[in-house]
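The values are calculated or read from the model by the stated rules, or taken from the named source; none is laboratory data. Quick caveat: nothing in here was measured; it's all calculated off a predicted structure. Reconstructed Cβ throughout: ideal geometry from the backbone, glycine too, with neighbour counts over all protein chains shown.
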Amino acid sequence: MRVLVVDPDPARAALVAEGLAGVEPLQVRHAPAFDQVEAAAFGPDVIVVASDSPDRDTIESLREATAANPRPVVMFVDRSEPGLAEAAVHAGVSAYVVDGLSAARVRSVLEVAMSRFGLMNGLRQDLEKAKADLASRKTVDRAKALLMKERGLDEDAAYKLLRKLSMDTGRPLGAVAADLLAFAGVLKGGGA
Amino acid sequence: MTRLRLGFVALNDAAALIAAGAKGFFAAEGLEVDLVREVSWATIRDKVDVGALHGAHMLAPMALAATAGAELRPLVAPMALNLNGPAVTLSSRLAGVIDPAASAQGLAALIARRRDEGASGITLAVVFPHSTHNYLLRDWLSRAGIDPDRDVRINVAPPARMTELLVSGVVEGICVTEPWGAAAVTAGAGRTAVRASQLWPRTPDKVLALAEAWAAENPEVVQALVRAILRGAAWAERNRPELAALLSEPAYVAAPAAVIAPSLEDMIFHAGEANAPDPAHAAWLLAQMVRWNHLPVGVDAAAIAARVYRPDLYRAARDSLAAG
């Protein structure tokens, strides 16, 4: 079975390919964009497309056999598996089948792709959160340093003051620290 | 606040949705709307189908096709988002044979000559099989005796990639809604051969599409949503220069305002009851779908038109705005 993964995100496509390698003997190719000539040369049985690929509508349109497109392509929608179609849309992936491949084999490919897309989304969110946490910690450190300098507080007292401000206003510590720095910048007449 | 997610594709005719957000009309109706930009129509359709989007900017024929078929949940269109906007842009070489009346007669002669010479055929691109663009292009070609299924090849490509395809010569003509026709002309890729408004005055193009079941369960939210978008459409109609600047922002259409501004010219967003989902438009689009075998056999076109196009929902919203 040959699987073409059309995904503008190379890291995610690599993750899908790695997941598929363990499933069954097959050939996987990744294309950041869909090229009909290249695709025809590879001859995929299944095309897995990311929903953020602009080429999805092109693939979707290959439903009719023509000279240039001898093997029609149809979207794989398996209604026998409740919730599968919905889960695939939410995961941001869809599968197109070339010719009559058995539903069970296509489903296994789609399921791997869905789980890998989910994994990638999770990793991306964790990374964003880690970046935000790091930025917030740096902001808090700078606000603490400002309070220590301007108010002659020790580090512990500066931190406690920030935390009190945070609790009084019901806003995150990082946001309170950012406000404090911005305010200090305004008073100084320059940028924070 | 009711929180909603609405999808759109980067095109001028998403203006009413974008303006409703940017100008605070959603908020005034108690709606908190996330506008989600998608890069393909199939994804817009699927996300509305499974409820990942509450509604979307959608090709009118796509809403009709989804409801006519058995695989997807039925949709309703409580309002149209624009009239006019699609244009056929041809490579400079092809555009040279188009006569002042903008007919495809010269193109027919060129195709016949190329065939006699054994040269390769002409490939054109539209945005989706079920689209005003596909039907418009097919109608224009047919009027000059060109068979769109035999004499040319019609591919599908995403709007934002059209310019690149025309420049590289992969296709020799495109039919897409503005600003992407204008963007291709600005890039020197070709010339506008004919505008939708020249062929079919007041061309139906995009609608607001909602899942029928969700709309039935949430009548008040639907009314608030349609009122907000109607106000967005009215604003878009009257504030063209500011609209061009708004659409040009990276989160929306992301094309230069200088390209967008002139491409808005013949587009109608609100004037003359442009937002009324006109059953005559639905019937006309369905007739095109029948003509090109795009509807399942035995479908009752009149029933589909009446089910999808809901002027009753539009009128209720319009009247409550007028009363307020």
### Task
State yes or no: is B:Ala244 free of Cβ contacts under 8 Å to residues at least 40 places away in the same chain and aliphatic (A, V, I, L, M)?
yes
### Query
Scanning for something over 23 Å from B:Thr123 (Cβ atoms) and either under 25 Å from the mean Cα position of the chain (by Cα) or not charged (D, E, K, R) (or both), does segment A:51-67 turn up at least one residue?
yes
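On the basis of being in contact with a strand residue (DSSP E or B) (Cβ under 7 Å, 6 or more places away or on another chain), within 13 Å of chain B (Cβ to nearest Cβ) and crowded, with 19+ Cβ neighbours inside 10 Å, does A:Ala91 make the cut? Write out each step before concluding.
Values: in contact with a strand residue (DSSP E or B) (Cβ under 7 Å, 6 or more places away or on another chain): no; within 13 Å of chain B (Cβ to nearest Cβ): yes; crowded, with 19+ Cβ neighbours inside 10 Å: yes.
So A:Ala91 does not fit the description; no.
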### Message
Taking the condition of being exposed (fewer than 14 other Cβ atoms within 10 Å of the Cβ) and either over 18 Å from B:Gln288 (Cβ atoms) or hydroxyl-bearing (Ser, Thr, Tyr) (or both), how many residues in segment B:299-314 meet it?
### Response
1
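Is there a residue being within 14 Å of chain B (Cβ to nearest Cβ) and surrounded by 12 or more Cβ atoms within 10 Å (Cβ to Cβ) anywhere in segment A:120-141?
Initial filter on segment A:120-141 (within 14 Å of chain B (Cβ to nearest Cβ)): A:121.
With the extra rule that they be surrounded by 12 or more Cβ atoms within 10 Å (Cβ to Cβ), the set shrinks to A:121.
Yes, segment A:120-141 contains at least one residue that is within 14 Å of chain B (Cβ to nearest Cβ) and surrounded by 12 or more Cβ atoms within 10 Å (Cβ to Cβ).
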### Task
Exactly one condition in (1) outside any loop (DSSP other than H, G, I, E, B); (2) among the basic types (Lys, Arg); (3) surrounded by fewer than 24 Cβ atoms within 10 Å (Cβ to Cβ) is not met by B:Arg73; state its number.
(1)
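Inside segment B:211-228, can you point out the residues that are touching a residue at least 24 places away in the same chain (Cβ under 8 Å) and of a type in the set (D, E, K, R)? Spell out how you get there, then give the answer.
The first filter runs over segment B:211-228 and keeps only residues touching a residue at least 24 places away in the same chain (Cβ under 8 Å), leaving B:211-215, B:221-228.
Answer for segment B:211-228, where residues must be touching a residue at least 24 places away in the same chain (Cβ under 8 Å) and of a type in the set (D, E, K, R): B:Glu212, B:Arg227.
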### Query
Looking at (1) buried (at least 21 other Cβ atoms within 10 Å of the Cβ); (2) under 27 Å from B:His130 (Cβ atoms), which is the one condition that is false for A:Arg116?
(2)
## Note on the structure
Note on A:Asp57: of the conditions (1) within 14 Å of chain B (Cβ to nearest Cβ); (2) surrounded by fewer than 17 Cβ atoms within 10 Å (Cβ to Cβ); (3) over 16 Å from A:Glu111 (Cβ atoms), unmet is (2)
### Selection within segment B:275-293 - surrounded by fewer than 19 Cβ atoms within 10 Å (Cβ to Cβ) and closer than 15 Å to B:Gly69 by Cα
B:Val290, B:Asn293
### Query
Can you find a residue in segment B:16-35 that is outside the structural domain of B:Thr177 (by TED's automatic domain parsing), farther than 25 Å from B:Arg318 by Cβ and either modelled with pLDDT of 95 or more or part of a helix (DSSP H, G or I) (or both)?
yes
### Query
Across segment B:1-15, what is the number of residues that are free of Cβ contacts under 8 Å to residues at least 40 places away in the same chain and either small (Gly, Ala, Ser) or part of a strand (DSSP E or B) (or both)?
1
### Message
So B:Leu246 passes all but one of these: (1) hydrophobic (A, V, I, L, M, F, W, C); (2) out of contact with any helix residue (DSSP H, G or I) (no Cβ under 9 Å at 6 or more places or on another chain); (3) modelled with pLDDT of 95 or more. Which condition number does it fail?
### Response
(2)
### Query
Within the bounds of segment B:20-36, is there any residue that is over 15 Å from B:Ala224 (Cα atoms) and within 14 Å of chain A (Cβ to nearest Cβ)?
yes
### Members of segment B:156-176 that are under 17 Å from B:Arg191 (Cβ atoms) and touching a residue at least 24 places away in the same chain (Cβ under 8 Å)
B:Met162, B:Thr163, B:Leu165, B:Leu166, B:Gly169, B:Val171, B:Glu172, B:Gly173, B:Ile174, B:Cys175, B:Val176
### Task
Can you run down the residue pairs with Cβ atoms below 8 Å, 6 or more apart or on separate chains, where the first is in segment B:117-137 and facing another protein chain (nearest Cβ under 10 Å) and assigned to a loop (DSSP other than H, G, I, E, B) and the partner is of a type in the set (Val, Ile, Thr) and buried (at least 24 other Cβ atoms within 10 Å of the Cβ)?
B:Val127/B:Val176; B:Val127/B:Thr177
### Query
What is the number of the single condition among (1) buried (at least 16 other Cβ atoms within 10 Å of the Cβ); (2) touching a strand residue (DSSP E or B) at 6+ places or on another chain (Cβ under 6 Å); (3) more than 10 Å from chain B (Cβ to nearest Cβ) that A:Gln27 does not meet?
(1)
### Matching residues, segment B:199-215, being at pLDDT 95 or above and over 12 Å from B:Ala274 (Cβ atoms)
B:Leu208, B:Ala209, B:Leu210, B:Ala211, B:Glu212, B:Ala213, B:Trp214, B:Ala215
### Count of residues meeting criterion [touching a residue at least 24 places away in the same chain (Cβ under 8 Å) and at the interface with another protein chain (Cβ under 8 Å from one of its Cβ atoms)] in segment A:60-86
2
### Task
Take segment A:94-103 and flag every residue that is touching a Lys or Arg at 6+ places or on another chain (Cβ under 8 Å) and within 13 Å of chain B (Cβ to nearest Cβ).
A:Ser94
### Message
Condition check: surrounded by fewer than 21 Cβ atoms within 10 Å (Cβ to Cβ) and in contact with a helix residue (DSSP H, G or I) (Cβ under 7 Å, 6 or more places away or on another chain). Does B:Val33 satisfy that?
### Response
no
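Of everything in segment B:52-76 that's more than 18 Å from the chain's Cα centre (by Cα) and aliphatic (A, V, I, L, M), which residue is nearest to the other protein chains (Cβ to nearest Cβ)? Give the steps one after another, and end with the answer.
Keep residues of segment B:52-76 that are more than 18 Å from the chain's Cα centre (by Cα), which gives B:52-54, B:68-74.
From what is left, the residues that are aliphatic (A, V, I, L, M) are B:52-53, B:68, B:70, B:72.
Values: B:Ala52: 6, B:Leu53: 10, B:Ala68: 15, B:Ala70: 10, B:Leu72: 9 Å.
Checked segment B:52-76; the qualifying residue nearest to the other protein chains (Cβ to nearest Cβ) is B:Ala52.
Which of the following residues is touching a residue at least 12 places away in the same chain (Cβ under 8 Å), outside any strand (DSSP E or B), within 14 Å of another protein chain (Cβ to nearest Cβ) and out of contact with any helix residue (DSSP H, G or I) (no Cβ under 7 Å at 6 or more places or on another chain): B:Ile111, B:Ile44? Outline the logic, then answer.
Details: B:Ile111 fails: within 14 Å of another protein chain (Cβ to nearest Cβ).
One residue alone meets the criteria, B:Ile44.
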### Task
Filter segment A:38-54 down to residues that are facing chain B (nearest Cβ under 8 Å) and either more than 17 Å from B:Val9 (Cβ to Cβ) or polar (S, T, N, Q) (or both), then give me how many there are.
2
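Criterion first (within 14 Å of another protein chain (Cβ to nearest Cβ) and of a type in the set (Gly, Ala, Ser)) does B:Ala14 satisfy it? Before you say what the answer is, go through the steps one by one.
Values: within 14 Å of another protein chain (Cβ to nearest Cβ): no; of a type in the set (Gly, Ala, Ser): yes.
So B:Ala14 fails the test.
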